[in-house]
Amino acid sequence: MAVIAPELYDRLVVLRRTLHQYPELSGQETRTASAIGKFLHDLGIPHRMNIAGYGVVADIPGDSGVPCVVLRADMDALPIQEETGLEFLSVHRGVMHACGHDGHTTMLLGAAALLSQEPDLPAPVRLIFQPAEEKGTGAIAMIKEGALDGAGLIFGGPSGSALPPWDYCGERGAGQCIVG
C-alpha cells in the first residue's frame, strides 16, 4: 500500500480544518461537495456530483470481475454552537462539525489519494460522500439514485467507539470498528 507523502498529509490537514471552519447543515452541503469534487478532480478520479442533493460518488478502477467495495463518509454538520476555541472554529453561528463528519470526509479523501496510486486493486472501489446523514434522508436518496449499484461490501460509520484501536466487531450485517 502507498505511504502518505508529507505534501498530501499537509493538504489533508488544511482541508479538514477548512471543512471544520465552514460546516453546512443537512441538505446544504454545497461548499463541502465542491471541495470534495475539486480534490477528486485534482487526483484524476472520475466522480459524479449532485447525487441525492449534494452527494458525491467516485469510482477507482480495480478487478472488474468482482463487485465493488464501497467506502462511505458523511458530510453534514449539526445545529450546535461551537465553543472549542480552535483557531479553525466554525464561522457559522450555531453550526458545527460536532459529530466528526469533517474528519470522515477528509479520511475518505486521503484513502482516495492512496487507493488511486495502486495500479492493480483486487476490486473496484467506490467512494460515497453522503449528504443529509443527520436528517436521516441522505442514504436512502443516494441508494435510490444508484450509489450502491454493483456493490459487494460497504464500509462506513461513526468515528469513536468503545472498542480499542484496531479492533473490529462485526458479523453478517452491520458492524463497527475503530482504528485509532
Inset, instruction - For Ile154, indicate whether it is in a helix (DSSP H, G or I) and farther than 19 Å from Gly44 by Cβ. - result: no
Inset, instruction - Give the residues of segment 103-149 that are closer than 21 Å to Gly65 by Cβ and assigned to a strand (DSSP E or B), sorted by residue number. - result: Val125, Arg126, Leu127
Inset, instruction - Go through (1) surrounded by 21 or more Cβ atoms within 10 Å (Cβ to Cβ); (2) touching a strand residue (DSSP E or B) at 6+ places or on another chain (Cβ under 8 Å); (3) within 20 Å of Ala112 (Cβ to Cβ) and name the single condition Glu82 misses. - result: (3)
Legend entry - Qualifying positions in segment 17-34 - in contact with a Leu (Cβ under 9 Å, 6 or more places away or on another chain), in a helix (DSSP H, G or I) and touching a residue at least 60 places away in the same chain (Cβ under 8 Å): Arg17, His20, Gln21, Thr32
Inset, instruction - Given the conditions (1) surrounded by 14 or more Cβ atoms within 10 Å (Cβ to Cβ); (2) farther than 23 Å from Gly55 by Cβ; (3) modelled with pLDDT of 95 or more; (4) not acidic (Asp, Glu), report the number of the one that Gly94 does not fulfil. - result: (1)
Inset, instruction - Hey, can you tell me all the residues within segment 35-56 that are assigned to a loop (DSSP other than H, G, I, E, B) and under 26 Å from Gly136 (Cα atoms)? - result: Ala52, Gly53, Tyr54
Legend entry - Residues of segment 76-103 that turn out to be of a type in the set (Ser, Thr, Tyr) and closer than 16 Å to Gly136 by Cα, as a count: 0
Legend entry - Looking only at segment 57-74, and only at residues there that are touching a residue at least 60 places away in the same chain (Cβ under 8 Å) and not in a strand (DSSP E or B), the one that is surrounded by the fewest Cβ atoms within 10 Å (Cβ to Cβ): Ser64
Inset, instruction - Only residues that are under 20 Å from Leu12 (Cβ atoms) and touching a Pro at 6+ places or on another chain (Cβ under 8 Å): list them for segment 41-60, please. - result: Ala58, Ile60
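The values are calculated or read from the model by the stated rules, or taken from the named source; none is laboratory data. None of these values were measured; they are calculated from a predicted model. Here Cβ is always computed from backbone atoms with ideal geometry, including for glycine, and neighbour counts include all displayed protein chains.
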